[in-house]
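Report on one structure; see the data block that follows.
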Amino acid sequence: MSGDSMQYEVLSPWAEADPVPMKGLTASRQTDLNGKKIGMFCNIKQASHRIAPVVERRLKERFPSAEFSYYRGKAFSVSEMEPQNIDNFNKWIDEVDTVILAVGD
Amino acid sequence: MKYLVYDTIYIENRNKPTVTLAYKYFINDAESAASSRGLPGIRLVPEPIISECSVMEDIEAGVDEVFDNIIAKLTTPLTEEEKSPKQKEAEEPARIIFKGDLEEVNRFFYQRGWMEGLPIIPPTEEAVARMLTGTDLPPDHLVARLEPRMGKATVEKIAVNAVMAGALPTYMPVLIAGVKALASSPMADVWAVSTGAWAPFWIINGPIRKDLNINDGFGTLSPGEIANTTIGRAMALITKNIRGVRKEIEDMGVLGNPAKYCLVTGENEEDSLWEPLHVERGLEKEDSAISLSFPNCYLQVHSYSTDDMGLLRTIIYNIAPRMMGQISLMMTPGNARTLANKGWTKEKIKAYVMENAHTDMDHLPQYYMPGDEKKDPKQEVPLIMARPGQPPPIQIFVAGGWGSWTGILSGQPGITEKIELPANWDKLVAKYRNVVPTYVRY
């Protein structure tokens, strides 16, 4: 491609996009996990169903009075792809104090 | 990854604190997904456990390695930055972005991440204006906002990417319909970013195939025709520059896929005795249309025998268990005629495949899901299953040369979008119709 002295004024191929307003986190973190109900969210990745129980076991050792509750997603995303399960999902979220999600790939 | 992030955001928006475990190589992807949905502060724990890990010692060790971080992210109070993240400034990109010679333009675009590695045609005002003769729509017309970035696919941006790809102005109606197909395909954004490296597969139907010299015969999926190649390439550039799907940031394809350069064919309607794909989906035969699906692999199978049952057995014995129960069948015109002459319609073939393509339970990933130890590994299970109330997840089309091969592509059956033509279509076609290669015999 060298040796071509012709000059080209070129248009940008990169699309414009409206800026997404950035929001902050609002949920206060639990300062002590003892006595708290910890939600264990497993998505459709196989490993999530193996990782979550290990995390639970470790947490129980460190926080003996913590309780655990599992939610197992049946699609890539519960919130975006399982409208039929959204009420159960909301109920589960409301019943736990904090959530650990597993696993991103 | 991104869908786990979306669930994380959903839970945080219900005012419940979260921590999300992510394989360390996917943190870029997770952060991009969080930011694209406006909640950049979600708490991620990068962990070292390989994707889909089933080795418990590795999982135990991986959890041990990050356990203190999990607790810290669960219990540390929110920082000011997490509570009030910086707002992103609105992008105000210059329309004319660069001036230079051919090499400098290519270098500039490549360094900006706007190319896929092959040289481009510089999208000058003149070249883009010429490309815009392929449509009646004004340059600022917004065809769609494309996920995941929600980039604005205006007619001009489509034309800029089309010029870069080396497309002809007559391809604009196809590209505009392709953008609409991307926007209306419910899973397009999943397939674009998935670790499985699914590639957009474009099948073109109707009279426009002949107008544009789109190959649907010998070697149709090989390079060689400007229409097939540059329509696919333009859509790939649109995916990068308008949808905002960049390798290892949003596109987390692990092995990658050469089909992401381009995977385009026409359907050979003239030699098929079956209804073409676009007519199956409610359009008229005289309409032109583009269909979009997302395979991640493509198997070429030589027929066991060329009678109808030999052809059908070739199909059912070669569907791979990991094709996830959804396929496209690319039937050569000869094989399609053999089947049609024996009374096999597309519907009958789909029913036959659904009924007869089986495998052992332990050939499917479901067998390896933890929790149910009572599965019989040798239970015979169907390879293709329709969801309740849904048609068979099989797409059949006729393409390829006169030989006894069948293409089996993974992936859901696609969607079809009608191609709208500009008023001066015949004149335009006449101008570019003779752009065809002439090979010298040696």
### Message
Residues of the stretch B:26-67 that become at least 40 Å² less accessible with every protein chain present than in their own chain isolated, using 1.4 Å: which are they?
### Response
B:Gly38, B:Leu39, B:Glu52, B:Ile59, B:Glu60, B:Val63, B:Phe67
### Query
Mind checking the log10 I(q)/I(0) for the stretch B:61-172 at q = 0.10 Å⁻¹? Debye, one equal scatterer per Cα, no solvent, two decimals.
-0.51
### Query
HN-Hα J couplings of the stretch B:31-42 from phi, Karplus 6.51/-1.76/1.60, θ = phi - 60°, integer Hz, Gly and Pro as x?
5, 5, 5, 5, 5, 5, 9, x, 9, x, x, 4
### Query
If you wrap chain B's Cα atoms in a convex hull and average its projection over all directions, what's the area in nm²?
26.5
### Task
Report Rg (one decimal) and Dmax (nearest whole number) for the stretch B:2-83, counting Cα atoms only, units Å.
13.1, 39
### Task
Using 0.36 nm per residue of separation minus the Cα-Cα distance, give me the extension gain between B:Asp376 and B:Glu347 in nm, one decimal.
7.3 nm
### Loop-resident sites, the stretch B:214-292, for chymotrypsin sites (Phe, Trp or Tyr not before Pro), counting at most 14 other Cβ within 10 Å (DSSP)
B:Phe218
### Task
Tabulate in residue order the Karplus-calculated ³J(HN,Hα) for the stretch B:266-281, using 6.51 cos²θ - 1.76 cosθ + 1.60 with θ = phi - 60°, rounded to whole Hz; enter x for Gly and Pro.
x, 9, 6, 6, 5, 9, 9, 9, 9, 5, x, 4, 5, 6, 3, 9
## Note on the structure
Neighbours of A:Asp18 by Cβ distance under 10 Å: Lys/Arg at +1, Asp/Glu at -1, summed charge 0
## Note on the structure
Karplus-derived 3J(HN,Hα) from phi for the stretch A:39-51 (6.51 cos²θ - 1.76 cosθ + 1.60, θ = phi - 60°), whole Hz, x at Gly and Pro, runs x, 10, 9, 10, 8, 7, 6, 3, 5, 4, 6, 9, 6
### Query
Volume per residue, Å³, of the convex hull around the alpha-carbon atoms of the stretch B:47-98?
170
### Query
For A:Asp94 and B:Glu286, what does the FRET efficiency come to when R0 = 41 Å and r is the distance between their Cβ atoms, rounded to the nearest 0.05?
0.15
### Long-range amide H partners of B:Asp251 with built H, under 5 Å
B:Arg246
### Task
Take the Cα pairs of the protein assembly as shown, get the Kirkwood Rh, then feed it into Stokes-Einstein at 25 °C and 0.890 mPa s and tell me D in µm²/s.
96
### Task
Tell me the GluC sites (Glu not before Pro) within the stretch B:339-396 that lie in a loop according to DSSP and have at most 15 other beta-carbon atoms within 10 Å.
B:Glu373
### Query
Over what distance in Å are the Cα centres of the stretch B:365-442 and the stretch B:75-94 separated?
42
### Task
Partner chain Cβ atoms within 10 Å, averaged over the residues of B:102-108 - can you pull that number for me?
4
## Note on the structure
Per-residue average of other protein chain Cβ atoms inside 10 Å, peptide B:124-136 -> 1
### Summary
Amide H proximity to B:Ile49 below 5 Å, modelled H, separation 5+ or other chain, gives B:Lys24
### Loop-located trypsin sites (Lys or Arg not before Pro) in the stretch B:329-399, at most 16 other Cβ atoms within 10 Å (DSSP)
B:Lys342, B:Lys374, B:Lys375, B:Lys378
### Task
Whole Å is fine, so just give me how far the alpha carbon centre of the stretch A:1-68 lies from that of the stretch B:226-248.
27
### Query
How many Å² of accessible area per residue for the protein assembly as shown, probe 1.4 Å?
45
### Message
Within the stretch B:110-124, name every residue whose backbone N is under 12 Å away from a label modeled 7 Å from Cα of B:Ala94 along the Cβ vector.
### Response
none
### Message
Quick check: residue separation of B:Thr359 and B:Met187 times 0.36 nm, minus the Cα distance between them. What number comes out in nm?
### Response
59.2 nm
### Chains A and B together, accessible area buried on both sides, 1.4 angstrom probe, square angstrom
8000
### Cα-based Rg and Dmax for the stretch B:331-370, where Dmax is the largest Cα-Cα distance (Å)
15.4, 48
### Query
What residues have an amide H closer than 5 Å to that of B:Cys297, excluding those fewer than 5 places away on the same chain, when H is modeled at 1.01 Å from N in the peptide plane?
B:Ser410
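The values are calculated or read from the model by the stated rules, or taken from the named source; none is laboratory data. Being a predicted model, the structure only gives us computed values, none of them experimental. For neighbour counting, all protein chains shown are included, and Cβ atoms are generated from backbone atoms with ideal geometry for every residue, glycine included. The accessibility values were calculated without ligands, DNA or RNA, using every heavy atom of the protein model including side chains. Shrake-Rupley method; radii C 1.70, N 1.55, O 1.52, S 1.80 Å.
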